[in-house]
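The values are calculated or read from the model by the stated rules, or taken from the named source; none is laboratory data. Keep in mind it's a predicted model, so treat the numbers as computed, not measured. Here the Cβ positions follow ideal geometry from the backbone for every residue, glycine too, while neighbour counts run over all protein chains shown. The accessibility values were calculated without ligands, DNA or RNA, using every heavy atom of the protein model including side chains. Shrake-Rupley method; radii C 1.70, N 1.55, O 1.52, S 1.80 Å.
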Amino acid sequence: MSLGSCAWPDLESSPRPVLVVPLGATEQHGPHLPLETDTLIAGAIAEAAAVGRRDVVVAPALPYGSSGEHAGFPGTLSLGQAALEAVVVELVRSADDFAAVVLLSWHGGNAEPLARATTRLRAEGRPVTCWQPAIDGGDAHAGRVETSLMLAIAPGLVGDQRPVGATQPVEELLPSLRGHGIRAVSPNGVLGDARGATAREGRELLRDLVADFTAFLDAAQTALSPA
């Protein structure tokens, strides 16, 4: 169920549903992917995991993330980390009608503010947790993984360009990214090799991500349920 399409009687079920909040970003993804890539991927995972379930409601995605490392690229809109933390805290505080809140973030720049927000909210006794994907062997920003996923989710939004960006391991890239931004290591903003991406691979990746998130969601429902 999508929260925006619900009427209030839909939400009076017993037991109360869990609210899943997809979080993404509006930022450059190289010349071949749209600015809303992170948001679209987060929403697709959430919606697929909720299909056929009455115990899960998917909130409208939060389309702005902490994207300071993309500063200066055309179109990027970035919330500061403190602002994103505050938004998430207030959003979850407003969700008392739900049994729990599960935050689902695809955008890596959201990790630190979401961790802080979750810690604050759990200290208030609020049932909230956060899931961020881990893909074994996955490349960095706008490389093959995200390009394949977008070819599966929204192929009409994927450009013909499949550029090669900075292909060093993410652990090597992060210090430069945090200190100097993406322009310091990749003028086109692509931190991975997007060549070889296919819709078939994207569907397989999406299937595995949905399975991982569904397992996390089921575990979270048990862990966050009142004793």
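Odds and ends about this structure:
- Accessible surface of the chain, 1.4 Å probe, proportion on carbon and sulfur as whole %: 54
- Trypsin sites (Lys or Arg not before Pro) restricted to segment 54-118 and DSSP loop, no more than 11 other C-beta within 10 Å: Arg54
- Considering only the chain, percent of DSSP beta bridges that pair antiparallel, nearest 5: 15
- Helix-only mean residue ellipticity at 222 nm for the chain, each DSSP H run of n ≥ 4 adding -39500 (n - 2.57), per residue, nearest 500: -12500 deg cm²/dmol
- Prolate/oblate/rounded label for segment 1-57 (Cα gyration tensor, a/c 1.5): prolate
- Rounded to the nearest 5, the antiparallel percentage of DSSP beta bridges internal to segment 1-133 is 10%.
- Kirkwood-type hydrodynamic radius, segment 94-227: 16.9 Å, calculated from all non-identical alpha-carbon pairs.
- Segment 45-112 - accessible surface per residue (Å², probe 1.4 Å): 42
- Here segment 28-160 is treated as a Stokes sphere of Kirkwood radius computed over C-alpha pairs; at 4 °C and 1.567 mPa s its diffusion coefficient rounds to 81 µm²/s.
- Cα-based shape type of segment 80-148, given that a ≥ b ≥ c are square roots of the gyration tensor eigenvalues and the cut on a/c is 1.5: prolate
- Within segment 149-212, the trypsin sites (Lys or Arg not before Pro) that combine a DSSP coil assignment with at most 16 other C-beta atoms in a 10 angstrom radius are Arg195.
- Along each principal axis, taking the top coordinate minus the bottom one, the Cα set of the chain gives 51, 36, 29 Å in descending order.
- Taking the square roots of five times each eigenvalue of the Cα gyration tensor of segment 33-86, the equivalent ellipsoid has semi-axes of 27, 14, 6 Å, listed largest first.
- Rounded, prolate or oblate (a/c below 1.5 giving rounded, otherwise prolate when a/b exceeds b/c) for segment 145-215 by Cα gyration tensor: oblate
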